[in-house]
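Taking it in order: structure first as structure tokens, then the write-up.
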Amino acid sequence: MALSFLGRRCCQTLTVRFKAAIGNSVRVLLSTESGKLSEQETSDGQQVERETQNYAAPVDEFYYFHEGCTEEVKRTVIDGYKLYLNFLTEDDEQSLQREIDRYMKRMRYEYDHWDDAIHGYRETEFSRWSERNQKIIKRVRDLAFPSDMRQLPLVHVIDLAKDGYIKPHIDSVRFCGNTITGLSLLSSSIMRLVHDKHKEIKVDVLLHPRSLYIMRDAVRLDYTHEILQDSESHFKGQAVPRDRRLSIMCRTEPTDSQS
Ligand code: OGA
Ligand code: MN
């Protein structure tokens, strides 16, 4: 069953890091958006455990503002596009992938619809998850959506092949409200944001596997978003090779004024 989302697209708080070497391990303190400090124990650079997974990606490392971006544009994008690194642990990622693969393996990747917003993909919507994965989805929803915001109950999953990509689009306001969240699994990728009316305003965001983005307000409404194909997948001059990528998206309901 290939559900088509085509009609639906027309488509920091800056983290401060303190590092102190303690024996063989490195303790990393992170100030989160909520202002809470969390600790992350690393050994040989490997993360072992942490208290909270909601820490914002350093803007200067993960956002690239092209030349046409003013300071005001930067503020708008930083306000409307939050990126959280390592929102998922590797175990979370595997657990989600297992459940998605169990369903997706029956489906073929779609390539040949010339008018598609996506190329080289399979997609579905999940209404039920295993108990473990349900907890992960709840963590996303609790972080992104205020309790009085109505959410779409179905979770949208896209499996992009290594050579797959998502063309520039804005999710239709008829089907989706003010906020869109996306978990990235398996592959790094570049999400490019381009102002719909001023194409010179362009921002690239480096999406690592296990990160979460939350796109809302002006960025969700006034900017197209896309996932670059392998041949264009560069960040600050460095290639960011694409591989198979899973994304898991939650959205709010459209508001009456938009429908
Ligand atoms: C979409 C979309 C982005 C992603 O499905 O509308 O833009 O991260 N997906 O997969
Ligand atoms: Mn979209």
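Things to note:
- Packing around the peptides 113-124, 82-93, taken as the average count of other Cβ atoms within 10 Å per residue, puts them in this order, highest first: 82-93, 113-124.
- Difference of contour (0.36 nm per residue) and Cα-Cα distance, Arg75 to Met107: 7.4 nm
- Dividing the convex hull volume of the alpha-carbon atoms in the range 122-201 by its residue count gives 145 Å³ per residue.
- Label separation (Met149 vs Glu232): 2.8 nm, computed from points 7 Å beyond Cα along the C-beta direction.
- Sparse packing (at most 16 other Cβ atoms within 10 Å of the Cβ) combined with a DSSP loop state is found for the following GluC sites (Glu not before Pro) in the range 125-233: Glu200.
Coordinate-derived values only; no laboratory data. A quick note: this is a predicted structure, and the numbers were derived from the prediction, not measured. Counting neighbours? That spans all protein chains shown, and the Cβs are built from the backbone with ideal geometry, glycine included.
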